[in-house]
1. Pull out all pairs, ordered by first then second residue, where Cβ-Cβ is under 6 Å, the residues are six or more apart or on different chains, the first lies in the stretch 29-48 and is part of a loop (DSSP other than H, G, I, E, B), and the second is acidic (Asp, Glu).
2. Give the residues of the stretch 67-81 that are more than 15 Å from the chain's Cα centre (by Cα) and closer than 22 Å to Phe106 by Cα, sorted by residue number.
3. Somewhere in the stretch 41-53, is a residue surrounded by 13 or more Cβ atoms within 10 Å (Cβ to Cβ) and touching a helix residue (DSSP H, G or I) at 6+ places or on another chain (Cβ under 6 Å)?
4. Say whether the condition of being within 13 Å of Leu20 (Cβ to Cβ) and either touching a residue at least 60 places away in the same chain (Cβ under 8 Å) or within 14 Å of the chain's Cα centre (by Cα) (or both) is met by at least one residue in the stretch 53-64.
5. Could you count how many residues in the stretch 94-105 are among the charged types (D, E, K, R) and in a loop (DSSP other than H, G, I, E, B)?
6. What pairs come out if I take residues in the stretch 125-151 that are under 21 Å from Arg34 (Cα atoms) and pair them with residues that are among the β-branched types (Val, Ile, Thr) whose C-beta lies under 9 Å away, six or more apart or interchain?
7. Quick one: in the stretch 66-93, which of the residues that are polar (S, T, N, Q) and part of a strand (DSSP E or B) is surrounded by the fewest Cβ atoms within 10 Å (Cβ to Cβ)?
8. Out of everything in the stretch 1-28 that is touching a residue at least 60 places away in the same chain (Cβ under 8 Å) and among the hydrophobic types (A, V, I, L, M, F, W, C), what residue ends up being nearest to Thr134 (Cα to Cα)?
Amino acid sequence: MKTKEGRRLDAVVAARIGFLKKVTDFAKMVTRERGEELEHTVHDSFIHTVRELKDFAGFSFHVDIGQTMFGGNSVKITYHHQGQSAVPVLDISWETHIEHCSHMRFNSNQEWQKEIMEVIRRWKSIGTNIDQATAHAAMQNETKRQTKMNPCRACDSREETQYVGRL
């Protein structure tokens, strides 16, 4: 029979495993949806994929999945809090079940944990905001490029310029 302390520790471990599953599943999904594929190799009995997403709502993700035919996954998450230097907050590796991870570095600071749960909750709206800002920046860059090509603001680039005077 477990002691009260043993039951408390079991609850803490179960909560941590649940958190890790949620965060690593999110990292895999968000890098697939919005990240850059760095490597994708098909082998006889497994597919190895490496993806990365930098600075998504203050977090960067590096996901390496399907490393061998027996599994092999790793997720690294870095937290960029309000312009401060990046802090590694999670580095975990496991074969098939995260409960039996072979390597883990876990930053126990509650701040990043609360922040990432908020990012998980709002990731679609965050992505939409990023897309809108990117589109706006691209439009501004195009306007600047066109202004450099045709510095005369009175001229419409779609009309031909007419010259009056001697030739």
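Computed from the coordinates by the stated procedures, all read-outs in this text should not be read as laboratory data. Values in this document were obtained by computation on a predicted structure and should not be read as measured data. All Cβ positions, even for glycine, are placed from backbone atoms using ideal geometry, and neighbour counts span all protein chains on display.
1. Matching pairs, first to second residue: Gly35/Glu52.
2. Of the stretch 67-81, the ones more than 15 Å from the chain's Cα centre (by Cα) are 67-73.
Passing the criteria: Gln67, Gly71, Gly72, Asn73.
3. Quick first cut of the stretch 41-53, residues surrounded by 13 or more Cβ atoms within 10 Å (Cβ to Cβ) only: 46, 48-53.
Retained after the next criterion (residues that are touching a helix residue (DSSP H, G or I) at 6+ places or on another chain (Cβ under 6 Å)): 51, 53.
Yes: one or more hits.
4. Let us first name the residues in the stretch 53-64 that are within 13 Å of Leu20 (Cβ to Cβ), namely none.
No - not one qualifying residue is present in the stretch 53-64.
5. Filtering the stretch 94-105 for residues among the charged types (D, E, K, R) gives 95, 99, 105.
Applying the additional criterion that residues be in a loop (DSSP other than H, G, I, E, B) yields 95.
Here the count works out to 1.
6. As it stands, the answer is Ile126/Val119; Gly127/Val30, since those pairs meet every condition given.
7. Here is the first cut: in the stretch 66-93, the residues polar (S, T, N, Q) are 67-68, 73-74, 78, 82, 84-85, 93.
Of the ones still in play, those that are also part of a strand (DSSP E or B) are 67-68, 73-74, 78, 93.
Details: Gln67: 16, Thr68: 11, Asn73: 18, Ser74: 18, Thr78: 19, Ser93: 17.
The residue in question is Thr68.
8. Only one residue tops the list, namely Phe26.
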